[in-house]
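Written below as structure tokens is the structure these notes are about.
Values quoted throughout were computed directly from the atomic coordinates according to the rules given, and no laboratory measurement underlies them. Please read these numbers as outputs of a predicted model, since none were measured by experiment. Cβ: placed from backbone, ideal geometry, glycine included. Neighbour counts: every protein chain shown.
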Amino acid sequence: MTAFEVMLKDHIECFSQIRGYAVMVQQCNPSSAAYIHLHTDTDIFQRFFVCFEAQKRGFIEGCRPFISIGGCHLKGPYGGVILSAVALDANSGLYPLAYCICKGETLLSWSWFLRQLCCFLKYLEDRPICFISDRQKGVIGALKMYWPNASWAKDEEALLETSKTGDKHEFKKCIQDIGSINSQGMAYLAAIEPCHWSRHAFDKSIKCDHVTNNMTEAFNSMLKYFRAMTYLGLMEYIRRMVMSRFQQRKDECSRWGNGVPPAVNKKIKNNSVECKILRTLYSGQGKYEMLGVNRAYTVNLNDKTCECGQWQVSGVPCCHALASIRHHFGVSGNQCSLEDYIDPFVVQGSLSTNL
Ligand SMILES: [Zn+2]
């Protein structure tokens, strides 16, 4: 038997083992999801969805309501695609949530994957959720069907500067600049509502300022040559990888002194440097006007808002907010607790679960 024939035999045998694997997942990890879909007439394998209970719990209890979805081609003799849903933990680390092996990226396979995800997570309808995708075939249609209340963002890397701004005035200026050099580009953007691709118009309850879909790309790159393995070999690789990453992150977050993740601390440190050049004007009752080099921004500490938009979108005080907080506590003489001004979504530990 040639090496190719041996490999092919492994892949063929894998199909007969998938049912047993699904049963084992549910026995060893009660309440986890391992769903198989076979062709109704021929009984031929179509799709396989996996999400462990620990992944679900960690996402619901600790991650921001933000999910990146994408697909990646497999390289075995039967081809296929792995669809994945990847979230972000409090420290902006990748949080693999669920995955599905299927024949290809179609409306049917995306619909099936997103329906299983919706049913398994039992996500509350009134809780905010945002998906980001590269709008591959079928994704948006499937989202509208099974996550009708979700907001969704389009990966718009080519227009990154425009999509990054949290300030609607700057956004308008960027759009005008694009129009002055490329009218077709402006017409293209005009056809997509800003809430799907520009930070300033994102749903403020999501507390995530990502504008690119590099989360699923990063997850796909972790699969490496395992993409050529049997479907079960790939699933086992992912399970082990997720298990060890969860434990590693859990150990790391137990060392966070004040509960604020290093990524958030870094952002605050950078914003602290920027806030030194601002002039502070206090108008009473927690309201400020911060004068920068080019323009002024109004800050309201009670509402936790800044005109630049960054605080509302990311959940972390921007430089204008930090300057206001420092002034406010300097005036009142009260103990400053910066954590009170950071959104719980970005200080919660999402990694207290084990796989
Ligand atoms: Zn600001």
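Across the cross-link table entries LYS137/LYS172; LYS144/LYS250; LYS172/LYS287; LYS122/LYS172; LYS250/LYS276; LYS144/LYS266, which are compared at the Cα atoms, the separations over 32 Å belong to LYS144/LYS250; LYS122/LYS172; LYS250/LYS276; LYS144/LYS266. With a/c under 1.5 counting as rounded, go ahead and sort the range 262-346 into rounded, prolate or oblate using the C-alpha gyration tensor (a ≥ b ≥ c being the square roots of the eigenvalues; past the cut-off, prolate if a/b is larger than b/c, else oblate). The shape class here is rounded.
Near GLU289, within a Cβ-to-Cβ distance under 14 Å, what is the net charge of the other residues, with Lys and Arg +1 and Asp and Glu -1? Don't skip to the answer; put the middle values down first.
On the way: positive: ARG279, LYS287, ARG295; negative: GLU307.
Around GLU289, the surrounding residues sum to +2.
Over the range 22-63, the alpha carbon radius of gyration divided by the compact-protein estimate 2.2 N^0.38 Å works out to 1.44.
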